[in-house]
Amino acid sequence: MNYCYDYPRPAVTVDAVVFKQKGNTTQILLIRRNGDPYKNCWALPGGFVEIDESLDIAVARELSEETGLTDIPLAQLYTFGNPDRDPRGRTISVAFVGICKTNSPIQGNDDAAEARWFSIENLPELAFDHDLIITKATEWLKAKNTLKEKSSAR
């Protein structure tokens with residue numbers, strides 16, 4: 001089916017913010033981009049939503065394709081829509097957040113040259129607006145841990 005609209009349409013992407021605890025260190029999963037824009041820069045796993053898939057399916061697919069991780073429970077975190085967030089054009093990204101509780105191996109695949117865990121205290125320079133997304137996700141994680149501590153204190 002062809003569509004014709006009077007107004008331009010933005011692209012929609014998804015990004016996965018996956019945390020992992022290693023000892024006393026909180027880590028985050030990043031991929032090194034294998035293509036432009038931001039070739040060789042670190043970024044969150046993610047990509048474009050296909051026309052026939054839901055956001056939940058898209059983020060799980062992108063996470064699996066780029067890192068090999070599957071079965072990570074992911075929850076919608078926030079929508080990022082700054083008009084200049086992607087140099088390719090108007091792109092709106094729905095960020096998801098989750099916690100990896102396994103030691104599953106990761107490997108850069110698809111359009112990711114590499115996948116690696118980084119301490120949230122020592123992140124490399126990031127592509128797009130992924131620093132903002134990680135800040136929002138870190139706030140979510142702190143709130144989640146605070147709620148967990150409060151409920152276990154009762």
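Just so you know, all these numbers are worked out from the coordinates, no wet-lab data involved. All values reported here derive from a predicted model rather than from experimental measurement. For neighbour counting, all protein chains shown are included, and Cβ atoms are generated from backbone atoms with ideal geometry for every residue, glycine included.
To the nearest 20 debye, what charge dipole does the range 2-154 have about its Cα centre, counting +1 at the Cβ of each Lys and Arg and -1 at the Cβ of each Asp and Glu?
Rounded to the nearest 20 debye, it is 780 debye.
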Can you give the angle from 0 to 90° between the axis of helix 130-152 and the longest principal axis of the chain, with both taken from C-alpha atoms, to the nearest 10? 40 degrees
Scalar couplings 3J(HN,Hα) for the range 77-94 by Karplus 6.51 cos²θ - 1.76 cosθ + 1.60 (θ = phi - 60°), nearest whole Hz, x for Gly and Pro, are 9, 6, 10, 10, x, 4, x, 9, 6, 9, x, 7, x, 5, 9, 10, 10, 9
Added length on full extension, which subtracts the Cα-Cα distance from 0.36 nm per residue, ALA143 to SER119: 6.8 nm
Once you sort the root eigenvalues of the Cα gyration tensor of the range 11-149 as a ≥ b ≥ c, which label holds: rounded (a/c under 1.5), prolate (a/b larger than b/c) or oblate (the other case)? rounded
Relative to the longest principal axis of the chain, what angle (0 to 90°, nearest 10) does the C-alpha long axis of helix 55-67 take? 70 degrees
The exposure ranking of LEU132, LEU30, fewest beta-carbon neighbours within 10 Å first, is LEU132, LEU30
Can you tell me the relative contact order of the range 11-149? Whole percent, Cα pairs under 8 Å, sequence separation 6 or more. 33 percent
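Report the trypsin sites (Lys or Arg not before Pro) located in the range 1-97 that are in a DSSP loop and have at most 15 other Cβ atoms inside 10 Å of their Cβ, or state none.
LYS39, ARG88, ARG90
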Students often get this wrong, so check it: of LYS39/LYS101; LYS22/LYS136; LYS22/LYS142, which have C-alpha atoms separated by over 18 Å? LYS39/LYS101; LYS22/LYS136
